[in-house]
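All remarks here apply to the structure that follows.
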Amino acid sequence: MKDNIVKFMKRHDILEMVYLAKDGNITKRRVKVIKAYNDTFQAYCFTKQAKRTFYFDNVLAAVPVIRKEREDVI
């Protein structure tokens, strides 16, 4: 999953991801990855409207948002 997220970051893609939070809740987030580290990555979360830090291991699924859907966000 890490390799895909880094690839999306390099292409400046907005991602739709399913994420497992520390408290065990599963959430759906729309994010733009800003920076990648060893175990984590920093992204702007459109859902929370703030920068957040996510763990690669907690990403259950991630796909790029297609252009038509992106226009609704930006």
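The values are calculated or read from the model by the stated rules, or taken from the named source; none is laboratory data. Bear in mind the structure is a predicted one, so any value in this text is a computation, not a measurement. Note: ideal-geometry Cβ built from the backbone for every residue, glycine included; neighbour counts use all protein chains shown.
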### Message
Just to be sure I understand the filter: pairs with C-beta atoms under 8 Å, separated by 6 or more residues or on different chains, first member in the stretch 5-21 and of a type in the set (D, E, K, R), second member part of a loop (DSSP other than H, G, I, E, B). Which pairs pass?
### Response
13/65; 16/65
### Query
Based on what the data block shows, is residue 19 under 11 Å from the mean Cα position of the chain (by Cα), within 18 Å of residue 66 (Cα to Cα), of a type in the set (Ser, Thr, Tyr) and outside any loop (DSSP other than H, G, I, E, B)?
no
### Query
Can you pull out the strands (runs of 3 or more DSSP E) entirely within the stretch 25-68 that have at least 3 residues that are without any contact (Cβ under 8 Å) to a residue 40 or more places away in the chain and more than 14 Å from residue 5 (Cβ to Cβ)?
26-36
#### Entry: Leading residue by the ranking (modelled with the highest pLDDT) among those in the stretch 1-38 that are of a type in the set (Asp, Glu) and either touching a His at 6+ places or on another chain (Cβ under 6 Å) or exposed (fewer than 12 other Cβ atoms within 10 Å of the Cβ) (or both)
23
